[in-house]
């Protein structure tokens, strides 16, 4: 049985100032008087809030379970659109909005921030940190931002280029900002910060690009750094690492510190006030390929681990490593959820995680003791976990010991990525937005680190989707997504909804017996939390990756979700990401309530037309070189095998392919740097850049031939 958390009463009721406007594009409403002040007690009691959504995962328990009950299984069919607001960027949208004192605060692509009247959708203020376009190449997975934290009368968020920014919640004016990373390296911030005891805690990303991971805490009033916790050791001969990192260094070999090591804390973290423990999820190795990173093997602590630290000091307490010797981009940065579960007749304080590697973990959150793990999707890299909590590996999955390509399930996209889970304590279920997708890994011969572009040690040219219909269809058949209702005690699925495409949205569970999720195909859906029955849906006109929230105002329950295609699954996989998902990308905030009847503008389909590439150019050798270079530097944004995923231009259709001069202006000279398309002459010669054009044109001809043949 799940122990029900006691409802803690005592937070003051708040009323929101409302605008007369009912349109998303209406003039800004007048500012309301300063309202709720967020305190430590507010955050500790956030799970009981009905009118507000105070932190990224709703509460420190991170269950994303709303106590709102007005919208139920019986009346959800009457749910309608109350208001919407179109955004000014079509890049990926992954944020969870905060709702405080009748106002909604949301971050969007390029780290922009918008504040709305939560009831009417009137725009109150907006803020643009003006992230430079050249920062876009410092992250693998789009210029996204997942959300903010609130404390006192301020909002806090990380900008994509590595700044931590504090805004006045009422006006959107900057109070302070702090550069939290070495901006000369390929660090980025996409995750939401967490507030604990007057400190704002933020991690960063960049493990694909050769950085050393850490998390740091800053004073909420001044921005002064309080502590920094590194997740991988430095050079044992010269660094003054604390004891926990000296211990970790014994699990590494070679000269990993010259390659960064990885272990970035780019997303999940949460806090247990009773135990005074902060839990962080640690990412993958840099480079992925362990033979390069740590030639004689080893566990490589604290990669792919959950680590518990003291939030006031950053002191290490315990860790559990789910993937020792990580080599597949199997991060443990996915959603960490806390619960009290009765296991074998004993109430246990646990944390739960469904990370990229495909296993659902239940860990004692007091001690870090392994309790159980079971795969929630089909996996090939391991057959299970032993009683000590170590994986029973399939040795064939370590691709660097093999010749050619090794196809591993799950792949680098993960069986579960950043999209948040949710839990319904009454049902005793955790809901997982799962991916069904493998990945081709191959040892990259002669690899060397470069200042930008993927530095993984995996040969991406080996994984380009071949222009053979049968192979494509087979790959598509093995790729999809699922909503899985998982029993964490029995370690088994109770029910499952399958999707044609991977990378569906994050989740919300409510006391009305519902689970809400957006899909890659562009639907917003409500399911019966008990059995998965589909009860209601709405055509959002574009993919939904973000997780919904619920709040109550003036007697009405609202459901809000951010819409917009993007992220790694909608950039890199190209063809695979398009299966079952619309190519047109529209970014907007949508808010629903019972009996509302707003409608969206007519949907306009994206028209690419038939492929009509310029004449073939290049030699077999230049096309092969272009294939490798495209895989290392271009594919993560423009799609595997040059097949766009509907967010950025599909290069097979692009006019810049037509002449070498046009290609050079964009790819070499960086004419579109402000949009994130930088020049590449610092890592490729002009001849190599031209070889990439040869490859792209060749791919367009291959697919044009398939179109002509009716495929």
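The values are calculated or read from the model by the stated rules, or taken from the named source; none is laboratory data. This structure is a prediction, so every number in the text was calculated from the model and none was measured. So basically every Cβ, Gly included, is an ideal-geometry build from the backbone, and we count neighbours across all protein chains shown.
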Going residue by residue through segment 256-263, is there one that turns out to be within 30 Å of residue 58 (Cα to Cα) and not in a helix (DSSP H, G or I)?
yes
Out of all the residues in segment 182-190, is one or more under 26 Å from residue 58 (Cβ atoms), in the same structural domain as residue 117 (by TED's automatic domain parsing) and either in a strand (DSSP E or B) or more than 21 Å from the chain's Cα centre (by Cα) (or both)?
yes
Residues (closer than 19 Å to residue 379 by Cβ and either in a strand (DSSP E or B) or more than 16 Å from the chain's Cα centre (by Cα) (or both)) located in segment 404-425:
405, 406, 407, 408, 409, 410
Which residues, counting only those in segment 477-501, are farther than 20 Å from residue 372 by Cβ and either in a loop (DSSP other than H, G, I, E, B) or free of Cβ contacts under 8 Å to residues at least 12 places away in the same chain (or both)?
477, 478, 479, 500, 501
Is it the case that segment 382-403 has a residue that's within 30 Å of residue 564 (Cα to Cα) and either touching a helix residue (DSSP H, G or I) at 6+ places or on another chain (Cβ under 6 Å) or part of a loop (DSSP other than H, G, I, E, B) (or both)?
no
Scan segment 657-670 and give yes if some residue there is part of a helix (DSSP H, G or I), modelled with pLDDT under 80 and not assigned by TED's automatic domain parsing to the domain that holds residue 454, otherwise no.
yes
Looking at segment 583-641 only, could you name the residues that are in a strand (DSSP E or B) and closer than 30 Å to residue 413 by Cα?
588, 589, 590, 591
So for segment 114-130 (the condition being touching a helix residue (DSSP H, G or I) at 6+ places or on another chain (Cβ under 7 Å) and surrounded by fewer than 24 Cβ atoms within 10 Å (Cβ to Cβ)), does at least one residue qualify?
yes
Single residue of segment 642-655 satisfying the filter (assigned to a helix (DSSP H, G or I) and under 30 Å from the mean Cα position of the chain (by Cα)) that is surrounded by the most Cβ atoms within 10 Å (Cβ to Cβ):
642
Residues in segment 275-307 that are surrounded by fewer than 24 Cβ atoms within 10 Å (Cβ to Cβ), farther than 17 Å from residue 255 by Cα and touching a residue at least 40 places away in the same chain (Cβ under 8 Å): how many?
2
Going by the conditions given, is residue 149 buried (at least 24 other Cβ atoms within 10 Å of the Cβ), farther than 15 Å from residue 267 by Cα and at pLDDT 95 or above?
no
Residues that are touching a strand residue (DSSP E or B) at 6+ places or on another chain (Cβ under 8 Å) and surrounded by 24 or more Cβ atoms within 10 Å (Cβ to Cβ), drawn from segment 231-251
231, 232, 233
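Every residue, every condition in (1) in a loop (DSSP other than H, G, I, E, B); (2) modelled with pLDDT of 95 or more, yes or no:
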residue	(1), (2)
234	yes, yes
237	yes, no
240	yes, no
247	no, yes
265	yes, yes
296	yes, yes
